[in-house]
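Student: Sharing a structure below in structure tokens format, with a few things to ask.
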Amino acid sequence: MTVADSKKLKGFSDSVIRFLENIEYRRIDNADDLEDVARLRFKAFTAVGLAPQSGPLLIDELDFKPNAHVLGIFFDEQLVSTIRVHHVTAAERDSVAVSHFPDVMNPLLDAGKTFIDPVRFAADPELMRDYPALPYLTLRVATMATVYFDVDYCLSVIKPNHRAFYKRIFQSIELTEPRYFERYNSNIELHGANAHELKRTLFKRFPFFSSQPSERKLMFAPRSELMMPPLTIRPTARYALQQAG
């Protein structure tokens, strides 16, 4: 990386961290909030031609599985993006990656490998134009889950046009050949990022993905482990960087 590229990357990271200070994360675990998330999914998926034709809500059974974590990202008290992550193990295999690529995923799970499967990424298409950092702050949830659950891989179930982004940011590799799915009218790819390598390099390259254990616990710990369920979760990237320094 050249000096100019390094300065450009640092400038980008600094701007994302500043934007992160205006963001709140919230666990989505009641019906009203989930309906808001579903409407945002529909709005976002409609903008890229992926919304179903049956109605305005996008909620499926995987939202309610024990290994599912649905998060909302709020800016100025407004829901601006959302993502769902599944912690996938041999004992809990509910996830999009497993349902779409069972012949690839099940042998890995049988061998004891563990995964974070982040899907249902949706961001308000109008705000995306004004806040290009939004995808990074949404996918930050997946990186925190990767650390919290100490898995082997962070997966990406994506369309081909997103391949370059995930390779560049997460150093993901293809786990199988692309497959055509009629429901998407597109090829779908399964990629995986080695979590141990990710933790070694990602937070140095993109410091805004950093977090403190307290934030990760509020995101993903069972409610029985929390003294009081959080209404909102404030990002801790800046504090994590200060401690690391």
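The values are calculated or read from the model by the stated rules, or taken from the named source; none is laboratory data. Everything numeric here is computed off the predicted structure, so don't read it as measured data. Because the Cβ atoms are built from the backbone with ideal geometry, glycine has one as well, and the counts that use them run over all protein chains shown.
Student: Just one of the numbered conditions (1) in a strand (DSSP E or B); (2) more than 23 Å from Ala195 (Cα to Cα) is not true of Asp63; which one?
Tutor: The one condition Asp63 does not meet is (1).
Student: Something else now. Kindly provide the set of residues from the range 124-156 that are under 22 Å from Leu190 (Cβ atoms) and touching a strand residue (DSSP E or B) at 6+ places or on another chain (Cβ under 6 Å), ordered by number.
Tutor: Matches in the range 124-156: Thr138, Val141, Ala142, Ala145, Thr146, Phe149, Val151, Tyr153, Cys154, Leu155, Ser156.
Student: Could you tell me which of the residues Thr138, Thr143 is hydroxyl-bearing (Ser, Thr, Tyr), crowded, with 21+ Cβ neighbours inside 10 Å and out of contact with any helix residue (DSSP H, G or I) (no Cβ under 9 Å at 6 or more places or on another chain)?
Tutor: Step by step, each of Thr138, Thr143 is checked, and only Thr138 is hydroxyl-bearing (Ser, Thr, Tyr), crowded, with 21+ Cβ neighbours inside 10 Å and out of contact with any helix residue (DSSP H, G or I) (no Cβ under 9 Å at 6 or more places or on another chain).
Student: Being modelled with pLDDT of 95 or more and touching a Leu at 6+ places or on another chain (Cβ under 9 Å) narrows it down to one residue among Ser186, Ser156; which is it? Explain how you work it out, then say what you get.
Tutor: Working: Ser186 fails: modelled with pLDDT of 95 or more.
Selected residue: Ser156, the only one of Ser186, Ser156 that is modelled with pLDDT of 95 or more and touching a Leu at 6+ places or on another chain (Cβ under 9 Å).
Student: With respect to Arg129, is the statement that it is at pLDDT 95 or above, of a type outside the set (A, V, I, L, M, F, W, C) and within 23 Å of Phe45 (Cα to Cα) true? Break it down stepwise before answering.
Tutor: Values: at pLDDT 95 or above: no; of a type outside the set (A, V, I, L, M, F, W, C): yes; within 23 Å of Phe45 (Cα to Cα): yes.
No.
Student: (1) under 20 Å from Phe74 (Cα atoms); (2) crowded, with 16+ Cβ neighbours inside 10 Å; (3) at pLDDT 90 or above: which one isn't true of Ala237, the others all being true?
Tutor: Condition (3) is where Ala237 drops out.
Student: Just need a number here: residues in the range 89-130 that are touching a residue at least 40 places away in the same chain (Cβ under 8 Å), basic (Lys, Arg) and surrounded by fewer than 19 Cβ atoms within 10 Å (Cβ to Cβ).
Tutor: Residues that pass the stated criteria total 1.
Student: Let me ask something additional. Which residues, counting only those in the range 78-115, are aliphatic (A, V, I, L, M), within 20 Å of Val37 (Cα to Cα) and part of a strand (DSSP E or B)?
Tutor: Just the residues of the range 78-115 that are aliphatic (A, V, I, L, M), to begin with: 79-80, 83, 85, 88, 90-91, 96-98, 104-105, 108-109, 111.
Filter once more, so that each one left must be within 20 Å of Val37 (Cα to Cα): 79-80, 83, 85, 96.
Result: Leu79, Val80, Ile83, Val85.
Student: Right, here's the next one. What are the residues in the range 205-230 that are under 14 Å from Ala142 (Cβ atoms) and either aliphatic (A, V, I, L, M) or over 16 Å from the mean Cα position of the chain (by Cα) (or both), if any?
Tutor: Met219
Student: Using the structure shown, decide if Val48 is modelled with pLDDT under 90 and among the β-branched types (Val, Ile, Thr).
Tutor: Values: modelled with pLDDT under 90: yes; among the β-branched types (Val, Ile, Thr): yes.
Judged against the criteria, Val48 is a match.
Student: Please give the number of the condition Pro66 fails out of (1) loosely packed, with under 14 Cβ neighbours inside 10 Å; (2) modelled with pLDDT under 95.
Tutor: All conditions pass for Pro66, except number (2).
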